[in-house]
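In what follows, a single structure is set out as structure tokens and then discussed.
Just so it is clear, none of the values below were taken in a lab; they were calculated from the coordinates. Fair warning: this is a prediction, and the values are worked out from it, not measured in the lab. Note that we place each Cβ from the backbone using ideal geometry, even for glycine, and neighbour counts take in every protein chain shown.
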Amino acid sequence: MTLITNHMPTEELRALDAAHHMHPFTAGNELAEKGAKVITRAKGVFLTDSEGNEILDGMAGLWCVNIGYGRPELAEAAARQMKELPYYNTFFQTTHVPAIALSQKIAELAPGDLNHVFFASSGSEANDTNIRLIRTYWDQKGEPDRKVIISRKNAYHGSSLGSGSLGGMSAMHAQGGMPIPDIHHIDQPHWWGEGGDMTPEEFGIARARALEDAILEIGPERVAAFIGEPVQGAGGVIAPPGTYWPEVQKIVEKYGILLVADEVICGFGRTGSWFGSQTLDIKPHIMTIAKGLSSGYQPIGASVVCDEVAGVIAESEFNHGYTYSGHPVASAVARENIRILEEENIVDHVRDVAAPALKEAMTALTNHPMVGEFSSVGLMGSLALTPDKDTRAKFAAEPGTVGFICRERCFANNLVMRHVGDRMVVSPPLIITADEIGMLAERARTALDEAFEIVKDRGLWAAAS
Ligand SMILES: *Cc1c(COP(=O)(O)O)cnc(C)c1O
């Protein structure tokens, strides 16, 4: 038997990884040839890889390590809970203290009358729950024809069959029989990429009205809900124009449909409030949460449900649940994570210190020839790469070609930034300091300079016609 440890040579780890480990969202053969980066440990905002590099994690893992890496309190909360009660379920009229404590705390933090929590182990599962909650709600209200859920192109709501269908990623829909029936996708409020000659304000209204057009086209009596991320994350950090959400809110109210805010990234401080719905003044009936709920230390997600919807669902048996709904260890760790977020005033730090520092440091990069804009809400932001800032042109090359080059140069400079097409995304741990933000922006500039040389060398410095 081989004992596989951090001390094995990187090449051996890579070979074993390529032989046995199938990676999510990855072309397997291409990765096997090049070898995956092996991350061995992390502390604060820094990762260490198997070659000893110290990498600034500008993505907080996958947008989730809100309190930063290496907090022993969360490890201790997990160990304590594992010793006391490692597992019990919440089916069939049983409960346990960690699920009680966490649901109470979430209800306290959540805005409005979002007082009821249905647990899952991920954002995808929670959004699958939402599909069933929404349709069951309308069934029980005597309106069983209300099944259609409206979402947006380029939205991300997860990767299971249900949540991937809610999402609007065409590359995902092309594989495995998605979307499921009765999910309808409208255009996204992405002014930089799609706004044409409109002002951002006009464009925000126009894209909100697309919701009303869809409702009328489908038939208002068939529409159950609208789902959106307050700020689209995986789609490239698309901050909607200020006019968008107020207009959506009006339309949702006019037609009496349910509104779901997918807060999986925006929740737990990312936008400078506890929830993105507070920052953008959205009044959802259901919020999806995951990621920052436990800072990624344990897999946990949930649907947070308003009094009205929870009340109707409670009238009969809801035939749905996961073995790990409200898992005691995950719940205890999430509760401890929230304690740290609160006691260390991390949400205030985002709003008052880190978000303004990120905006300033990254906006300074817009004097780079390849950078058109930096757009951000709180500690999520993105740089638009463009061959022509004035016309907001796309590159002639396949979308993502230049973004990928830039991402590779970030990696080479010990910075994790992700590319979504030709947007470079940042979403660092919320505890990042102003100095660390300075380092992030400095490494990003070096990466941009190096990428620019490569882009010119390969003849990619050209706009799409
Ligand atoms: C990541 C994400 C999800 C899916 O969460 P998983 O835990 O990966 O299943 C859903 N919605 C949004 C907005 C996300 O960013």
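Once you sort the root eigenvalues of the Cα gyration tensor of region 221-354 as a ≥ b ≥ c, which label holds: rounded (a/c under 1.5), prolate (a/b larger than b/c) or oblate (the other case)? Oblate, since a/c reaches 1.5 and b/c is not below a/b.
Centre-to-centre, using Cα atoms only, region 75-100 and region 149-192 are separated by 34 Å.
Note down the relative contact order for the chain as a percent, whole number, built from C-alpha pairs under 8 angstrom at least six residues apart.
In percent, rounded to a whole number, it is 19.
Backbone phi angles across region 379-396, fed through the Karplus curve with coefficients 6.51, -1.76 and 1.60 (θ = phi - 60°), yield HN-Hα couplings of 9, 10, x, 8, 9, 8, 8, 8, x, 7, 5, 5, 9, 6, 6, 8, 6, 5 Hz in residue order; Gly and Pro are listed as x.
Bridgeable aspartates and glutamates around Lys250 (alpha carbons under 13 Å apart, same-chain partners fewer than 8 residues away excluded): Glu212, Asp281. For region 305-319, the residues whose backbone nitrogen is under 20 Å from a point 7 Å from the Cα of Leu161, taken along Cα to Cβ, are 319. Region 1-63 and region 343-387 have their alpha-carbon centroids 28 Å apart.
Over all other residues within a Cβ to Cβ distance under 12 Å of Glu263, the charged ones net out to 0, with Lys and Arg as +1 and Asp and Glu as -1.
Against the compact-protein benchmark of 2.2 N^0.38 Å, the Cα-based radius of gyration of region 324-399 scales to 1.67.
Among Met417, Met287, Met172, the order by Cβ neighbours within 10 angstrom, fewest to most, reads Met172, Met417, Met287. Residue order for Ile454, Ile338, Ile67, fewest other beta carbons within 10 angstrom first, comes to Ile454, Ile338, Ile67. Here Ile218 and Asn319 are evaluated by their C-beta separation; at R0 = 25 Å the FRET efficiency comes out at 0.40. By the beta-carbon count within 10 Å of each Cβ, the least crowded to most crowded order of Leu3, Leu415, fewest first, is Leu3, Leu415. Electrostatic tally near Phe203: other residues with Cβ closer than 13 Å to its Cβ, Lys and Arg +1, Asp and Glu -1, net -3. Relative contact order of region 374-465: 37 percent, from C-alpha pairs under 8 Å at least 6 residues apart in sequence. Legend: P(r) of region 103-176 from all alpha carbon pair distances, 5 Å bins from 0, whole percents, reading 3, 15, 18, 19, 21, 15, 6, 2, 0. Once you sort the root eigenvalues of the Cα gyration tensor of the chain as a ≥ b ≥ c, which label holds: rounded (a/c under 1.5), prolate (a/b larger than b/c) or oblate (the other case)? It comes out oblate by the Cα gyration axes.
So which of Lys153/Lys394; Lys394/Lys456; Lys105/Lys359 end up more than 26 Å apart by C-alpha? Don't skip to the answer; put the middle values down first.
Details: Lys153/Lys394 19 Å; Lys394/Lys456 15 Å; Lys105/Lys359 31 Å.
Lys105/Lys359, as the Cα separations exceed 26 Å there.
Test of the criteria: in region 369-465, which trypsin sites (Lys or Arg not before Pro) are in a DSSP loop and have at most 13 other Cβ atoms within 10 angstrom of their Cβ? Can you show the working numbers first?
On the way: sites: Lys389, Arg392, Lys394, Arg407, Arg409, Arg418, Arg423, Arg443, Arg445, Lys456, Arg458; in loops: Lys389, Arg392, Lys394, Arg458.
Answer in residue order: Arg458.
If eta is 1.567 mPa s and T is 4 °C, what Stokes-Einstein diffusion coefficient results for region 73-343, Kirkwood Rh from Cα pairs, in µm²/s? Walk me through the numbers before you get to the answer.
Working: Rh = 18.9 Å.
Result for D is 69 µm²/s.
Count charges around Ala78 for me, please; just the other residues with Cβ under 15 Å from its Cβ, Lys/Arg as +1, Asp/Glu as -1. Result for the neighbourhood of Ala78: +1. Look at the alpha carbon pairs under 8 Å that are at least 6 residues apart: their mean separation over the length of region 73-343 gives a relative contact order of 29 percent.
Modelled label positions at Asn29 and Val312, each set 7 Å beyond Cα in the direction of Cβ, lie 5.0 nm from each other.
Helix-only mean residue ellipticity at 222 nm, the chain, DSSP H runs n ≥ 4 weighted -39,500 (n - 2.57), per residue, nearest 500. What is it?
On the way: 18 runs with 187 residues, N = 465.
Dividing the helical sum by the residues of the chain leaves -12000 deg cm²/dmol.
Listed by chain and number, the aspartates and glutamates placed with their C-alpha closer than 14 angstrom to that of Lys43 are Glu54, Asp57, Glu73, Glu436; residues fewer than eight positions away on the same chain are left out.
Seen through its C-alpha gyration tensor, with square-root eigenvalues sorted a ≥ b ≥ c, region 164-237 comes out oblate because a/c lies at 1.5 or above while a/b is not bigger than b/c. The equivalent ellipsoid that matches the C-alpha gyration tensor of region 185-298 spans semi-axes of 24, 18, 12 angstrom, in descending order.
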